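I'd like to ask some things about the structure below.
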Amino acid sequence: MTYTPYKIKERILLFSLIITTILFTVISQAFALEVSSKRDCVVCHIMWLDDFRTDQETLVDFQPSNVLMKDTQGVVSSEKICFSCHDGYVKDSRYITWKYNRHPVFVKPSKNITVPPELPLSVKGEIYCGTCHSAHGQGAAPKGDREGRTAVYREVNIDSGLCEKCHRNEADYKRTNSHPLHRTDLKLPDKLFTLGSTKASHKNEVICQSCHDVHGAKGKKILIMNNNNSELCITCHEKQKSLINTKHDLRLTLPDEKNLKDQPLSESGPCGACHTPHKGATQKLWARPFKKGNPASELCLSCHGDDRPYKIKGVGEFSHPIDTELTTKESMPDKLPLFAEDGSKTEIGRVQCFTCHDIHRWDPVSLENKGGKDVEGDASNSFLRMTNISSELCLECHKSKSQLMRSDHNLAVTAPDEKNIQGFKPTVSGPCGVCHVPHNAVAKRLWAKKLSGNKDFVTQLCTTCHNKEGAAKNKLIGEYYHPVDITLDRFSVFQVYDITSTLPLYDSGGNIVGNGKLVCTTCHEPHIWDPNNPIIDYEGKNIEGDARNSFLRKTNSPSSDLCKTCHRSKAFVDGTDHDLIITRPEARNLLGQTPEESGQCGVCHLVHNGTNNIKLWARPYGKISQGEGIVDALCNSCHSKGNPAEDKIPQIASHPEKRLINNLMHNNRTRIDYAPIYDNITGKETNVGNISCPTCHNAHQWSPLHKEKGSYKNLEGNATNSFLRNVSYNNICIDCHGMDALFRYKYFHDPVDRVEPASKRINNLNQEFR
Amino acid sequence: MTALRRIYFHLILLFLFSILITPDISFALKCINTKFLFDMKPGANQPSDLSIAPNGDIYLVDGVNNRIIVLGSDGRWKFDFGKEGTGSGWFKYPLGIDISNDGKVFIADSGNHRIQVFDLKGKYLYKFNVESESNAYGSDPVDIIASRLKDYLYVADNENHNIKVYNRKGDLQFKWGKFGEEYSEFRYPGIMTANEYNEIFVVDVLNTRVQKFEPFGKFIASIGSWGVLQGNFFRPKGVTLDKYNRVFVSDGYMGVIQAFTDMGTFLGVVCKKNKKRVFDYPVGIHIDKNNRLYVVEMKGNKITVLKIVD
């Protein structure tokens, strides 16, 4: 076989044609692939289209500038590009992205935002779609899987982690006093999720997207719903919803008010007036001015404090103490919260405003009762945590005062028409509220009634009612009564009284002090009718008391424990013949009280409503014979015919009238030879006068040698006891009668023996000895 | 030598043929001029599509507000119907609309995956669900055509990338299409229209074309191509035909409307005095018997009415 040159050329041409065809096919397929691949990119990266690099006129303008700061992409993340697919004809995002509010774009991040390098800004340094979104990002997922949450995020956004990358201040919520995140201790209502909230990995976990919706937010600040009326807040904080339309809904009471962020109420809503979800002034997301202190009170005082710019309803100079630690277990409330120093609730803590008040709810019983703008609150509402109409709230801590309810000091029973300074009757103010108001009181002790008179402060408190025109006008103390408004200094000099007694003394301001004055409440505790036996069945108003109750701090019968607290030297009357509970239980004092009712002391002394000035004598004065003084009348009131001690009447009791005695050497109470001389008329101690019964006798002590109680037997005495003041050899008698007085002493009341000469007495004694 | 000459001859023929089939590559803007008549801003939020009732009233889909707005032919507000919800007569982000010759209003209730039918007064008549091939996503009916042919209802299922054909009762008759770039395949089919021969024109959004089908789904032609030059689409959205059977296609991103022959030859861009007329994101378009072009501007929240001059 031979080949001509033509045939060779022809074959070469054919071969070339075949090769060219194959190459053309391969190249065109490669080109087609490139076009297809390119088209997928150019779906978004429109500026990569070659059409812009021809001479032909394009239907859209070429904008070659990059969006990103780094020169890595062409124009892609323009809003228009996103919308061109998300308009419903590829993906319908109209209603989430373009109908409602969305994350700000094409703005520079604020100073509070720190955008990390992995989330790029635009060439202008602005946030744009691509800051968060990228088809090539780690969070990109075709349909939004559970891990990545949604499609085309640059970073996965598990539990709003992507948000927190920029919003670091909000993420660090404790430091910035922002709304807590990632906590699961509150139940998130299902309603929240139907409103557009995003569920977190853990049930009830709060994340940024619990409240915010980056696209499709129906409220401002990209909140999932409008919050102008705090609708979103109360979706979770449902209990606090009760604030709306109360006085704490500032839209009603202070419509022009603005919060710390200068937001008017129309923008902040009722919750936002006091709380801001991010960057509060202090805890509780506080959105108002705040001074240092415990938030559980200081938040309230930011408006209600008298020294604050908002003097709306100040608590006044005299207000219930706050930031007070309750030291005894008894005073710990059962139903009210106490607070730690950081304002958190704690079992053992301090009393703060929040202890009594739930500032979100006007009426603790009724959610319907909102009070209203001009309604003045009372014990049944006023944002109290529990109704106080029967002073239940007060008694949560002041448990020891609960007996007042079952006593005459419960004015709801005894004086229902009495009004306090607020004009409230006891049925409105509660029993405590008649005398005490927690805020804006008239005086210390949260006094709720007008004070008058010039007596000491505490006495004025009592005389508010216990005066001739007061509610307790039938319970006055009479013309003669135990001295009050006195200090015990002069007694302390003689060391008769222990001024550190268990009864309180008060300074002029009503404070309990060691060297204070004796006032009504020294002996009386106005909240406790019976110090020993709590009244269970209160019979009704105006119980007549006696020494066992009558609001006394200590029981005073049968043993006069109260009196003896101060009058200690008189305590030895117990069990002696002068203890009439033993010796004359049927005896009655001027008020008709038996010794058991009046107590040992009350037999002879009336603390109130006495008719006798001298020694507040509780019995009719006895008759006195010539030479006797008024002091003798006291003794004679018993030691006389027809009276309890009629079997103990001395035949002669008087000292010769004209023989005046000077007792300057015996007028010291602390000395063993004390022998008081009394003025016959006034009954007061004097240095020159006549001898009377008490000169020799101390009616409160059986034996001068033994400072002790009696034997509880009716004894016959002798010269060593018999209520004698002393048996010393230097008693007052010796001054005039010499040592002979010691022997006459016993026979003083014997009209015969007392005048015998000493020699005769000695002889008689000798004979007796023989 | 003879063979070589034969080859040369064939190459020359091939060259001449290629010249013949090469499209017009003139760079000058080809215009179809229009005259502005009026526009309507009925308070819609991102409206998507419209249809003209036999009496000339304009039915506008205000999907984001879950309602249909009815306007007079002069643009005056008449009434609206529908609200958000899943109940009968309620909508969830509807997108498409068509009005049949017998005065039935068909709404592609996209978010509720169904078709709802009303009378011209907005009274609810009935509904039927659009089946989905995917349990994961559900159907996504974005447009509907009430055809005269056998009263067929053509439904574009955007998410499932096909066209489903129902009878008036809501029984599926047949369907065609799947995800892809070949002819008869779709990447997100959108708005449709039909010509007098009941041929169907479907906007194939991400394939940047309009596909023309016979009534039973056989592919006829592809209109438009990918790009930003004349005759290209970047995001085709709306399609309609005029009385000359010219196919008008709106492009949302580029903001223009272009005209083609029904076989795909580019005719021109809708212009105003020989300069392209730019719309604020044109979507659904419609040409009435008076040759008035109604353009729904989704971003502009309005309907612009133009008179086609050329």
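The values are calculated or read from the model by the stated rules, or taken from the named source; none is laboratory data. This one's a predicted model, so the numbers in the text were calculated from it and none came from an experiment. Heads up, the Cβs are rebuilt from the backbone with ideal geometry, glycines too, and the neighbour counts pull from every protein chain shown. All accessible areas refer to the heavy atoms of the entire protein, side chains included, with ligands and DNA or RNA removed. Shrake-Rupley method; radii C 1.70, N 1.55, O 1.52, S 1.80 Å.
In the range A:318-337, what residues are in a loop (DSSP other than H, G, I, E, B) and without any contact (Cβ under 8 Å) to a residue 60 or more places away in the chain?
A:Pro321, A:Ile322, A:Asp323, A:Thr327, A:Thr328, A:Lys329, A:Pro337
Let me ask something additional. Quickly run through the range A:397-423 and pick out the residues that are part of a helix (DSSP H, G or I) and touching a Lys or Arg at 6+ places or on another chain (Cβ under 6 Å).
Across the range A:397-423, the qualifying residues are A:Val413, A:Thr414.
Counting only residues that are facing chain B (nearest Cβ under 7 Å) and part of a loop (DSSP other than H, G, I, E, B), which one in the range A:40-61 is surrounded by the fewest Cβ atoms within 10 Å (Cβ to Cβ)?
Filtering first and then ranking leaves A:Asp55.
Restricting to the range A:631-658, what's the tally of residues that are surrounded by fewer than 18 Cβ atoms within 10 Å (Cβ to Cβ) and touching a residue at least 60 places away in the same chain (Cβ under 8 Å)?
Residues that pass the stated criteria total 4.
Only one residue in B:Gly103, B:Gly85 is surrounded by fewer than 19 Cβ atoms within 10 Å (Cβ to Cβ) and within 14 Å of another protein chain (Cβ to nearest Cβ), so which one is that?
B:Gly85
Additional query: Which numbered condition in (1) surrounded by fewer than 16 Cβ atoms within 10 Å (Cβ to Cβ); (2) in contact (Cβ under 8 Å) with a residue 24 or more places away in the chain is the only one that A:Lys370 fails?
(1)
Kindly indicate which of B:Ile191, B:Ile163, B:Ile220 is at pLDDT 95 or above, away from chain A (no Cβ under 14 Å) and open to solvent by less than 20 Å² (accessible area, probe 1.4 Å).
Of B:Ile191, B:Ile163, B:Ile220, the one residue that is at pLDDT 95 or above, away from chain A (no Cβ under 14 Å) and open to solvent by less than 20 Å² (accessible area, probe 1.4 Å) is B:Ile163.
Taking the range A:210-236 as the search range and keeping residues that are touching a Gly at 6+ places or on another chain (Cβ under 9 Å) and more than 25 Å from A:Asp249 (Cα to Cα), which one is surrounded by the fewest Cβ atoms within 10 Å (Cβ to Cβ)?
Per the stated criteria, the residue is A:Gly216.
Give the number of residues within the range A:276-312 that are in contact (Cβ under 8 Å) with a residue 40 or more places away in the chain and either among the polar types (S, T, N, Q) or within 15 Å of A:Asp249 (Cβ to Cβ) (or both).
5
Starting from the range A:559-579, take each residue that is of a type in the set (Ser, Thr, Tyr) and list its partners that are in a helix (DSSP H, G or I), counting only C-beta distances under 7 angstrom and pairs at least six apart or across chains.
Close Cβ pairs satisfying both conditions: A:Ser559/A:Gln600; A:Ser560/A:Gly599; A:Ser560/A:Gln600; A:Ser560/A:Cys601.
Take the range A:667-682 and flag every residue that is under 19 Å from A:Trp617 (Cα atoms), in a loop (DSSP other than H, G, I, E, B) and of a type in the set (A, V, I, L, M, F, W, C).
Selection gives A:Ile681 alone.
Hey, does the range A:463-481 have a residue that's outside any helix (DSSP H, G or I), at pLDDT 85 or above, on the phi > 0 side of the Ramachandran plot and not aromatic (Phe, Trp, Tyr)?
There is at least one residue in the range A:463-481 that is outside any helix (DSSP H, G or I), at pLDDT 85 or above, on the phi > 0 side of the Ramachandran plot and not aromatic (Phe, Trp, Tyr).
For the list (1) under 21 Å from B:Gly238 (Cβ atoms); (2) in contact with an Asp or Glu (Cβ under 9 Å, 6 or more places away or on another chain), I need the number of the one condition that B:Lys127 fails.
(1) is the only condition that B:Lys127 fails.
So, one more: Could you say which residue among B:Glu181, B:Glu185 is more than 10 Å from chain A (Cβ to nearest Cβ), over 23 Å from B:Tyr93 (Cα atoms), of a type in the set (Asp, Glu) and touching a residue at least 12 places away in the same chain (Cβ under 8 Å)?
Unique residue meeting the criteria: B:Glu185.
Considering the range A:81-97 alone, what residues qualify as being open to solvent by less than 30 Å² (accessible area, probe 1.4 Å) and either among the aromatic types (Phe, Trp, Tyr) or facing chain B (nearest Cβ under 8 Å) (or both)?
Scanning the range A:81-97 gives A:Ile81, A:Phe83, A:Ser84, A:Cys85, A:Asp87, A:Gly88, A:Tyr89, A:Val90, A:Arg94.
A further question follows. For the range B:223-275, enumerate the residues that are of a type in the set (Phe, Trp, Tyr), surrounded by fewer than 22 Cβ atoms within 10 Å (Cβ to Cβ) and farther than 20 Å from B:Asp310 by Cα.
B:Trp226
OK, next. Criterion first (over 14 Å from B:Pro47 (Cα atoms) and either of a type in the set (Gly, Ala, Ser) or more than 12 Å from chain A (Cβ to nearest Cβ) (or both)) does B:Phe260 satisfy it?
Judged against the criteria, B:Phe260 is a match.
Same structure again: Could you pull out the residue among A:His179, A:His248, A:His202, A:His275 that is surrounded by 17 or more Cβ atoms within 10 Å (Cβ to Cβ) and under 24 Å from A:Leu162 (Cβ atoms)?
Only one candidate qualifies: A:His179.
Is it the case that some residue within the range A:338-355 is open to solvent by less than 20 Å² (accessible area, probe 1.4 Å), within 30 Å of A:Asn112 (Cα to Cα) and in contact (Cβ under 8 Å) with a residue 60 or more places away in the chain?
Yes.
From A:Asn533, A:Asn589, which residue is farther than 20 Å from A:Leu505 by Cβ, out of contact with any Ser or Thr (no Cβ under 8 Å at 6 or more places or on another chain) and either crowded, with 19+ Cβ neighbours inside 10 Å or without any contact (Cβ under 8 Å) to a residue 40 or more places away in the chain (or both)?
A:Asn533
Restricting attention to the range B:276-309, and to residues there that are charged (D, E, K, R) and away from chain A (no Cβ under 11 Å), which single residue is least open to solvent (accessible area, probe 1.4 Å)?
B:Glu297
Another question, if that's okay. List every residue pair whose Cβ atoms lie under 7 Å apart, where the two residues are 6 or more positions apart in sequence or sit on different chains, the first residue falls within the range A:245-274 and is touching a residue at least 60 places away in the same chain (Cβ under 8 Å) and under 22 Å from A:Glu376 (Cα atoms), and the second residue, located anywhere, is open to solvent by less than 50 Å² (accessible area, probe 1.4 Å) and basic (Lys, Arg).
A:Thr253/A:Lys247
While we're looking at this one, here's another question. When you look at A:Arg149, is it surrounded by 14 or more Cβ atoms within 10 Å (Cβ to Cβ), touching a Ser or Thr at 6+ places or on another chain (Cβ under 8 Å) and modelled with pLDDT of 80 or more, yes or no?
So A:Arg149 fails the test.
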